[in-house]
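The values are calculated or read from the model by the stated rules, or taken from the named source; none is laboratory data. Keep in mind that this is a model prediction, so the values were computed, not measured. Glycine also receives a Cβ, built like all others from the backbone with ideal geometry; neighbour counts cover every protein chain displayed.
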Amino acid sequence: MNPNPTRHRLLAASFVVLSMCSTGSVLARSGGGAATVDGARIIAADSEPQNWLAHGRTYGEQRYSPLTRINEGNVEKLGLAWSYATGTTRGLQASPIVVDGTMYTTGVWSVVWALDAKTGKELWKYDPEVPRAWGRYACCDAVNRGVAVWKGVVYFATLDGRLVALDAKTGKKRWEVNTIDRSKPYTITGAPRVVKGKVLVGNGGGEYGVRGYFSAYDAESGKLAWRFYTVPGNPKDGFEHPELERAAKTWSGEWWVGGGGGTVWDSMAYDPELDTLYVGTGNGSPWARNVRSPGGGDNLYLSSILALDPDTGRLKWHYQTTPADNWDYTATQHIILAELPIGGKTRKVLMQAPKNGFFYVLDRETGELLSADKYIPATWASHVDLKTGRPVETPDADYSKETKLIIPAAFGGHNWHPMAFNPKTGLVYIPAMQPMGIYPPSEEFKKTGQYTRRDMFWNPGIDWNTYTDTIYSLLAQLGGELPKDRGYLKAWDPVQKKTVWEIEHPAFWNGGLLTTAGNLLFQGTGDGRFVAYAADSGKTLWAVPTMIGIIAPPVTYEVDGEQYVAVMAGYGGAGGVTGGDARTMISARYLNDGHVLAFKLGGTAAMPRIAGKNASIPEPPKSAATAAQVENGKYKYGSTCMVCHGALVVSGGVVPDLRMLPAEKHALFKEIVYDGVIHGAGMPRLGDLLTEQDVRDIQAYVISRANEDRAAAAAARN
C-alpha cells in the first residue's frame, strides 16, 4: 500500500506531463494543439515551464516562471519576434494562455483569438457579438482579462454576462450559459478559472446597483454546480446559504434596494493541498456606507478575502480587509499563494495588496492575519490593529458631513493589474499607485436622511455636483493644475514588511508584472514602454518604445527551444479612461492601436507603426447657452459622461476627447447622446437618463471647456 497516495498521484501526473512535453514542438509547428490541460497538469506546471497553463501560470498565481534562457545577462538582446494586430482601440488586459505552442487570449468586447505562439499567425477567432449598448454598464472599459483552458476546451466570459465554452482546436462553440439577471446591469471582465472540473466566474456592476455573487459551472455540461452570494438580499425572501444569515446581522436599513455590491470581478487562487479556493470581493453599492447601511455595521462580505470549499461553495473562513467599506476599496486585487519564513517557521500564506493601501499576509490555512502594512502613504487609516485585524480609521476617512480629500482614491493603491512574486528574491512586485480621491457626501441624503436614486447608472452615493465643484476649486487654488496621481513599481519584502526598492513611472496607470528565474522582472507602462528590470535590484536592463500604452501583464513560454516574452498592448481600463494626466498617457498622443507583442533573443521583426494624433483642439461651434445652462451641463456631464470621457472633458485618449469633436459630430450631438445613433460603436443611448435640454446643456459645457483650453494653449504659446 502506498503510504502517500496524494504524492503518488502527483508523481504519476508529472510523468504524464513530462511525456507530453516532448510533443510540444510538433504541436507548435502545426499550430493545432488540443489543449489537454487538467488539474494535475496545472499542479505540475513547473515540470513544463515552456507552457503558461493558467491565468497566473499556476494555481498559486505567483506569475513567476522558472525559464532562464532569457536572463539578466542577455536580456538586452531581446527583439520583436512577431506582432498581431487586434484591430482594437480600447483596453487590452488579458493574460494569454499558452499550451503546447498555441496561444489563447481575449480583447475588447470579449473577442477570443487562438494564435500560433511561435509566429503569431491567427488560427481562429471567435466574436461573441456583445451588444455594444451593454458598454454603458461597464464602469471601466469594455475589457476582458482572458480565458481558461481545460481538457480541450477554452472558456471565457462576455461583457454582457455569458459564459462560453469553445473547442480549443477549432474555435467552435460547444455551449453557452447566461450567468446573470439580464434585467440588471451586470458585466463580466474577469478571466474564469477551472478547479476540479468546475468553471468559476464572477461579475461586476457594483457602481450600478447590483448584488454580488460568483458561480461554479460544470466544465463538461455548463450546468450550475453552486453559487455563493457575497452580500445578503432582503431577509424577507430568505437566505440562499447560511453564511448570508450571519452576514445580514452586519447590515442595516434596506441595503438590498441599492444592490449591496460585493461583486467578484477579478482575483481567485487555489491551493490543491488544502483543497481551498480563495476569492476576493468588491466594494459596497453605493460606496458611501451611511447611505448604503445607515445604521452602521461591517457589511459582510464586502471587501473581503473568502476561503471556500471548491466542491460545495461553503465558506471555510473569511477576512475583511476594509470593514464597512466607504471608499470603493475592493479586495478583488491579485491574490498570491506562497510559503514564507515567518516567526521562525515556514508558513503557508496568502498575500494581497488591495486598493486600501495595506499589504496583507494571512495564514491561508486558518485566515490568521500575520501582517498588514502600508505600501503607499494611505491617509484613511493610521494602521491595522493586529489583535483585532481591523484598520484604525483617521478623522480624514469620514466624508458623511463634508467633502474629504483621501489617499488612495477609488482607483486604489493597487488595482487589478497583477503583482508577481519571485521565490528567489523573496520579493513581491506591485504595480502601485498614489492617487488622491475626492469624496463629497450625498447632499440628498444629508437633507432627507433617505436615498432614493435608483436609476441604475454610475451611482456611488456621493454628490457629483460637489465633486465637480471641488475639482474647479482645487484648480483655482493650485494655479490650474491638480496634484499628480503617481504610479510606481514597488518591490515589497513581505517578511521584513517594507519596500526594498521602487521606481516612479511618468504615468500612474501601468501594466501588470511577470518575474522569472533569470532574475528578471517585466512590465509595460502607460507612457508606451516595455521594460525588463533586474528582479533583485530594480536596475533597468532593457526597454523598448511601443508607442502603445500597456496595462496587461506579460507572460513567457518556449517553443522549439526559444523563449518568448509576450504582452498585450492597448491602453484602457478605469485609469486609462477617466484618470491621470493625459500628458503622460501615450494614448492621448498616438492612436491606441491594439497588438499582441512577442519578443525573443535576436528577434528582428519591425515594431508596429502607430499613427500620431492631432493634439490641437479645433475651434468649436458657437453656443448661445446661458451661464445657468452651461452650469447644468457641467453637472449632468459629471453624473453621466465623466466616467468614460474624463473629468473636465479631458480624455486619456482611449475614448474620444470631446473637446476635439469636429463640426459634423457637434451637428449630431443630440442624435448621438440622446438617441444613441452610434450605439453600435459603443456609445450608448442616454435618453432615458437625460432630457433633450440636458443634452444641449452638456454640449454647451463641452464647447466652453474646448474654448477654455484653446485659450490656455494660446496664452502658453505667447
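Apart from one condition, Y301 fits all of (1) touching a Gly at 6+ places or on another chain (Cβ under 9 Å); (2) surrounded by fewer than 24 Cβ atoms within 10 Å (Cβ to Cβ); (3) of a type outside the set (K, R); (4) in a loop (DSSP other than H, G, I, E, B); the exception is (2). Condition test on A191, is it small (G, A, S), assigned to a strand (DSSP E or B) and touching a residue at least 40 places away in the same chain (Cβ under 8 Å)? Criteria not met by A191.
Restricting the range 642-670 to residues that are of a type in the set (A, V, I, L, M, F, W, C) and under 21 Å from the mean Cα position of the chain (by Cα), which is nearest to Y208 (Cα to Cα)? Spell out how you get there, then give the answer.
First, the residues of the range 642-670 that are of a type in the set (A, V, I, L, M, F, W, C): 642-644, 647-650, 654-655, 658, 660-661, 663, 667-669.
From the residues that got through so far, the ones that are under 21 Å from the mean Cα position of the chain (by Cα) too are 642-644, 647, 654-655.
Details: M642: 15, V643: 12, C644: 14, A647: 19, V654: 22, V655: 21 Å.
My answer is V643.
Mind checking whether some residue in the range 643-651 is among the β-branched types (V, I, T) and over 16 Å from I471 (Cβ atoms)? Let's see the steps before the verdict.
Looking only at the range 643-651, we keep the residues that are among the β-branched types (V, I, T), and these are 643, 649-650.
Applying the additional criterion that residues be over 16 Å from I471 (Cβ atoms) yields none.
Scanning the range 643-651, I find no residue that is among the β-branched types (V, I, T) and over 16 Å from I471 (Cβ atoms), so the answer is no.
Here G549 fulfils each of the conditions (1) under 18 Å from the mean Cα position of the chain (by Cα); (2) farther than 19 Å from R609 by Cα apart from (2).
Per-residue answers, yes or no, for (1) touching a Lys or Arg at 6+ places or on another chain (Cβ under 7 Å); (2) farther than 21 Å from A138 by Cα; (3) part of a helix (DSSP H, G or I):
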{"site": "P656", "(1), (2), (3)": "no, no, no"}
{"site": "R659", "(1), (2), (3)": "yes, yes, yes"}
{"site": "H666", "(1), (2), (3)": "no, yes, yes"}
{"site": "M683", "(1), (2), (3)": "no, no, no"}
{"site": "G687", "(1), (2), (3)": "no, no, no"}
{"site": "Q693", "(1), (2), (3)": "no, yes, yes"}
{"site": "R705", "(1), (2), (3)": "yes, yes, yes"}
{"site": "A712", "(1), (2), (3)": "no, yes, yes"}
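If the condition is being among the polar types (S, T, N, Q) and touching a Pro at 6+ places or on another chain (Cβ under 7 Å), then the range 487-522 contributes only N510. Contact map, the range 483-505: first residue more than 30 Å from T470 (Cβ to Cβ), second residue at pLDDT 95 or above and not in a strand (DSSP E or B), Cβ cut-off under 7 Å, separation 6 or more or different chains; pairs are A491/G538; W492/Y375; D493/G426; V495/G426; T499/Y375; W501/S537; W501/G538; I503/G538. Residues in the range 289-316 that are under 15 Å from V361 (Cα atoms) and either at pLDDT below 95 or of a type outside the set (A, V, I, L, M) (or both): S304 alone.
Considering N299, N356, the condition of being of a type in the set (S, T, N, Q), in contact with a Lys or Arg (Cβ under 8 Å, 6 or more places away or on another chain) and closer than 21 Å to Y399 by Cα is satisfied by N299 alone. Working only within the range 251-298, note down all residues that are assigned to a loop (DSSP other than H, G, I, E, B) and under 17 Å from the mean Cα position of the chain (by Cα). Across the range 251-298, the qualifying residues are G262, T263, V264, W265, D266, S267, T281, G282, N283.
Remark: pairs (first residue in the range 537-566, touching a residue at least 24 places away in the same chain (Cβ under 8 Å) and on the phi > 0 side of the Ramachandran plot; second residue of a type in the set (V, I, T) and assigned to a loop (DSSP other than H, G, I, E, B); Cβ separation under 6 Å; 6+ apart in sequence or on different chains) = M547/I610. The lone criterion from (1) assigned to a helix (DSSP H, G or I); (2) more than 24 Å from Y571 (Cα to Cα) left unmet by V643 is number (2). Entry remark, the range 462-473: residues being in contact with an Asp or Glu (Cβ under 9 Å, 6 or more places away or on another chain), in contact (Cβ under 8 Å) with a residue 40 or more places away in the chain and of a type outside the set (V, I, T) number 1 in total. Of all residues in the range 697-717, one or more are of a type in the set (D, E) and touching a Gly at 6+ places or on another chain (Cβ under 7 Å).
Being in contact with a helix residue (DSSP H, G or I) (Cβ under 6 Å, 6 or more places away or on another chain) and either touching a residue at least 60 places away in the same chain (Cβ under 8 Å) or outside any loop (DSSP other than H, G, I, E, B) (or both) is the filter here; which residues of the range 378-405 pass it?
Scanning the range 378-405 gives S400, T403, K404.
Restricted to the range 697-718, and to residues there that are touching a helix residue (DSSP H, G or I) at 6+ places or on another chain (Cβ under 7 Å) and not β-branched (V, I, T), the residue that is modelled with the lowest pLDDT is D709. Inside the range 615-640, residues that are part of a helix (DSSP H, G or I), charged (D, E, K, R) and over 26 Å from D141 (Cα atoms) make up a count of 1. Scanning the range 350-375 for residues that are within 23 Å of the chain's Cα centre (by Cα) and touching a residue at least 60 places away in the same chain (Cβ under 8 Å) gives L350, M351, Q352, A353, P354, K355, F359, V361, D373, Y375.
Filtered by the rule that a residue be more than 29 Å from the chain's Cα centre (by Cα) and either of a type in the set (D, E, K, R) or surrounded by 20 or more Cβ atoms within 10 Å (Cβ to Cβ) (or both), the range 671-687 gives E671, Y674, D675. Can you find even one residue in the range 161-170 that is surrounded by 23 or more Cβ atoms within 10 Å (Cβ to Cβ) and either under 20 Å from H679 (Cβ atoms) or within 18 Å of the chain's Cα centre (by Cα) (or both)? Yes, there is a match, as at least one residue in the range 161-170 is surrounded by 23 or more Cβ atoms within 10 Å (Cβ to Cβ) and either under 20 Å from H679 (Cβ atoms) or within 18 Å of the chain's Cα centre (by Cα) (or both). Y439 satisfies every condition listed in (1) without any contact (Cβ under 8 Å) to a residue 40 or more places away in the chain; (2) over 26 Å from L306 (Cβ atoms); (3) hydroxyl-bearing (S, T, Y) except (1).
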